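J.: Let me begin by handing over the structure; questions about it come next.
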Amino acid sequence: MEFIIGGSYQGKYEYALKRIREKNQIKGCEKKDGNSLTVLDGAICQDVIPETVQIWNHFHLYVKRMLYHGKSREDILEQVEKAYKYNPDLIIISDEIGYGIVPVDAEERRYREEVGRISCVLAQWADHVTRVICGLGTVIK
Amino acid sequence: MVVLVTGGSGSGKSEYAENRLLELRADWSRKGIELPRSFYIATMYPYDEESRERVKKHQHMRATKQFDTLECYTNLKQLKLQQDCFLLVECMSNLIANERYMDEGCRLEGEAFVGYVMEGVKHCIPVASHVVIVTNEVNSDGIAYDRETMEYMRLIGQVNQRLAALADEVVEIVYGIPVKLK
């Protein structure tokens, strides 16, 4: 599993597509673009994640919605574990959201804390963690 | 050579950018060629006391560094620059805000807006021998702002990606420490 993180609007998704293109070239398979991939948008996807997912975008928004639906950290991690065990090449993309003032609102505070803690686990599970700034990736693991 | 300097607020981007330009100038001097002029393109419109203070702080920092300051709040294309000059542009997030919200700004949207801003930058690059561009990281606090602010952030993100793609060197400043990204 690859974990791609960074602030919003940094070109993380484009970076993930580039990674897949590179990987496929190495393997000698045909090139793939975004249209032929199973991409999941964390902002709108269902709570239960299909195992066929290849790119899981906006993961932080999935966490936000799951918390809103009363789900726990463990429930969320269970979905991730299931998906990446089925597809070891899974790419998860998530915004870094913990660089501001800790919010006064309890819900917002919990959202940042949970995205942080869950991301720590994902970073452990991931083969590579890449941080994208201005479209440039730095592999930090 | 095009250098892009990014980082959070108060990270020391300006100081690093100025010093980087001075380094490039020193390299040039060592070659024994006559040194061209250095221009500082100030994009921040001083609209209140706090921003005027900020301008003063930056002017003070540049006092001994022999920059000619050119104020340019919108449309970098209007700049009349000396051939081979050294250029420091500070900073893109202000320029983008001005283009979007000042009366004389750019009224285009989305991709066309990004293209317009990039044209301004590309107008300067071939004229200058070295360009250092300062931009800003504003996208990591996790706040879902109103639609317009999110669009402003998205535009900064898009411009930053384009700038990084054409730059020879990209550096993120973390509390004064330069982290080389490209």
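The values are calculated or read from the model by the stated rules, or taken from the named source; none is laboratory data. These numbers come from a predicted model, not from an experiment. Quick reminder, even Gly has a Cβ in these numbers, built from the backbone with ideal geometry, and neighbours come from all protein chains shown. For the accessible areas, the whole protein counts, side chains as well, though only heavy atoms, and no ligand, DNA or RNA atoms are used. Shrake-Rupley method; radii C 1.70, N 1.55, O 1.52, S 1.80 Å.
J.: With a 10 Å cut-off between alpha carbons and a GNM built on chain A, which of A:HIS60, A:HIS69, A:HIS128 moves the most?
T.: A:HIS69
J.: Averaged over all directions, how much area does the convex hull of the C-alpha atoms of the range B:2-180 cover when projected, in nm²?
T.: Over all viewing directions, the range B:2-180 projects a mean Cα-hull area of 10.6 nm².
J.: Still on this model: For the range B:1-80, what number of Lys pairs, 8 or more residues apart or on separate chains, have alpha-carbon atoms under 26 Å from each other?
T.: Eligible lysine pairs with Cα atoms under 26 Å apart amount to 13.
J.: Right, next: Can you tell which of B:GLY115, B:LEU166, A:TYR111 lies farthest toward the positive end of the dipole of the protein assembly as shown, using +1 and -1 charges on the Cβ of basic and acidic side chains (Lys, Arg; Asp, Glu)?
T.: Final value for the positive-end residue is B:LEU166.
J.: Follow-up. Can you give the mean number of other chain Cβ atoms that lie within 10 Å of the Cβ atoms in peptide B:163-169?
T.: Average neighbour count from other chains, rounded to a whole number: 2.
J.: Just to be sure I understand: if you take the accessible area of chain B alone plus chain A alone and subtract the pair, with a 1.4 Å probe, what total do you get in Å², rounded to 100?
T.: Approximately 1500 Å², summed over both chains.
J.: Would you kindly derive the ³J(HN,Hα) couplings of the range B:59-65 from the backbone phi angles with the Karplus curve 6.51 cos²θ - 1.76 cosθ + 1.60 (θ = phi - 60°), listing them in order in whole Hz, with x for Gly and Pro?
T.: Karplus-based 3J(HN,Hα) across the range B:59-65 equals 5, 4, 5, 8, 3, 9, 9 Hz.
J.: Further question: Where Lys and Arg each count +1 and Asp and Glu each count -1, what net charge lies around B:GLU23 among other residues with Cβ under 13 Å from its Cβ?
T.: 0
J.: Could I ask something else about it? Any chance you could run the full-extension gain for A:GLU22 through A:ARG110? It's 0.36 nm times the residue separation minus the Cα-Cα distance, nm to one decimal.
T.: Length gained between A:GLU22 and A:ARG110: 28.0 nm.
J.: Ratio to report: Rg/Rh of chain A, with Cα atoms as the point set and Rh obtained by the Kirkwood method; give two decimals.
T.: Dividing the radius of gyration by the Kirkwood radius yields 0.96.
J.: What whole-number value in Å² describes the accessible area per residue of the range B:2-180 for a 1.4 Å probe?
T.: That works out to 49 Å² for each residue.
J.: Sum -39500 (n - 2.57) across every DSSP H segment of at least 4 residues in chain B, then divide by the residue count to get the 222 nm mean residue ellipticity, nearest 500.
T.: -14000 deg cm²/dmol
J.: Please tell me the relative contact order of chain B in percent, rounded to the nearest whole number, where contacts are Cα pairs under 8 Å and at least six residues apart.
T.: Relative contact order, chain B: 37 percent.
J.: Can I ask one more? Rg and Dmax of the protein assembly as shown over Cα atoms: what are they, in angstrom?
T.: 21.8, 69
J.: Run the accessible area of the range A:2-139 with a 1.4 Å probe and give the carbon-and-sulfur part as a rounded percent.
T.: Heavy-atom surface of the range A:2-139 belonging to carbon and sulfur, 1.4 Å probe: 52 percent.
J.: How large a share of the accessible area of the range B:70-154, in percent, is made up of carbon and sulfur atoms when the probe is 1.4 Å and the other protein chains stay in place?
T.: For the range B:70-154, the apolar C and S fraction of the accessible surface comes to 52 percent.
J.: Can you give the net charge of the other residues whose Cβ lies under 15 Å from the Cβ of A:GLY11, counting K and R as +1 and D and E as -1?
T.: Once positives and negatives cancel, what remains is +2.
J.: Something else about it: Mean-square fluctuation check for chain A, GNM, Cα pairs under 10 Å: which of A:ILE76, A:ILE91, A:ILE55 is largest?
T.: A:ILE76
J.: Relative contact order, percent, of chain A when contacts are C-alpha pairs under 8 Å separated by at least 6 residues?
T.: 38
J.: Of A:GLY42, A:GLY100, A:GLY11, which is the most mobile in a GNM of chain A whose springs link Cα atoms less than 10 angstrom apart?
T.: Result: A:GLY100 has the largest fluctuation of those listed.
J.: Does anyone have the angle between helix B:110-124 and the longest principal axis of chain B? Alpha-carbon axes, 0 to 90°, nearest 10?
T.: Around 10 degrees separate the two axes.
J.: Give the angle, between 0 and 90 degrees and rounded to the nearest 10, that separates the Cα long axis of helix B:13-30 from the longest principal axis of the Cα atoms of chain B.
T.: Orientation of helix B:13-30: about 30 degrees from the principal axis.
J.: Sticking with this structure for a sec: For peptide A:135-141, compute the average count of partner chain beta-carbon atoms within 10 Å of each residue's beta-carbon.
T.: For this peptide, the per-residue mean of nearby foreign Cβ atoms is 4.
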